[in-house]
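A short write-up of the structure that comes next.
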Amino acid sequence: MKVRIQHVEKSEGLVFKKKYHGIALKVDFSPSELAIIRERKLERTIITERGYPADVDAEKHANRGLGKMVLTAVVSGADANHFDLTIGKLVKGEDVYYLDTPFAAKEYETILREDLPKLKHYITENETAGESDTFEL
């Protein structure tokens, strides 16, 4: 598993420009890790819980209709309607999450650096089922 974390920025607005600071996360899984993920159906497993990104209007997103939610799920995948970081999002490609300040982006990067080794351990532990053992108490 090879991880690349990169800081990115984007601006929105014509007159009153708002700058967002993001973290672009790209994980290249080995073929054996991808096989474990697909075999054990780990795509929907949440790695990091996170709220609405800074570049999304939370109220507008929460009030969108069922048709829009279904269309989003069909086009972008089942986990596209929520913002938690899942294994499936990393398998699909780069995940970019935007925050308001550079400080918040650095804090998010710290959280990722703590959670990604746990992900590696989680995948390797799902490789084989537990072995049988006999012992006496």
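Just to be sure, is Lys26 within 17 Å of the chain's Cα centre (by Cα), surrounded by fewer than 14 Cβ atoms within 10 Å (Cβ to Cβ) and at pLDDT 90 or above? Steps first, answer last, please.
Working: within 17 Å of the chain's Cα centre (by Cα): yes; surrounded by fewer than 14 Cβ atoms within 10 Å (Cβ to Cβ): no; at pLDDT 90 or above: yes.
Judged against the criteria, Lys26 is not a match.
All conditions in (1) at pLDDT below 90; (2) of a type outside the set (Val, Ile, Thr); (3) surrounded by 11 or more Cβ atoms within 10 Å (Cβ to Cβ) hold for Tyr20, with the sole exception of (1). Considering region 14-50, the residues that are free of Cβ contacts under 8 Å to residues at least 12 places away in the same chain and part of a loop (DSSP other than H, G, I, E, B) include one that is nearest to Pro102 (Cα to Cα), namely Lys17.
Annotation: Glu9 fulfils all but one of (1) exposed (fewer than 14 other Cβ atoms within 10 Å of the Cβ); (2) at pLDDT below 80; (3) acidic (Asp, Glu); the unmet one is (2).
Lys68 meets each of the listed conditions (1) more than 23 Å from Ala35 (Cα to Cα); (2) at pLDDT 90 or above apart from (2).
The values are calculated or read from the model by the stated rules, or taken from the named source; none is laboratory data. All figures in this text were calculated on a predicted structure; none of them were measured in a lab. Note that we place each Cβ from the backbone using ideal geometry, even for glycine, and neighbour counts take in every protein chain shown.
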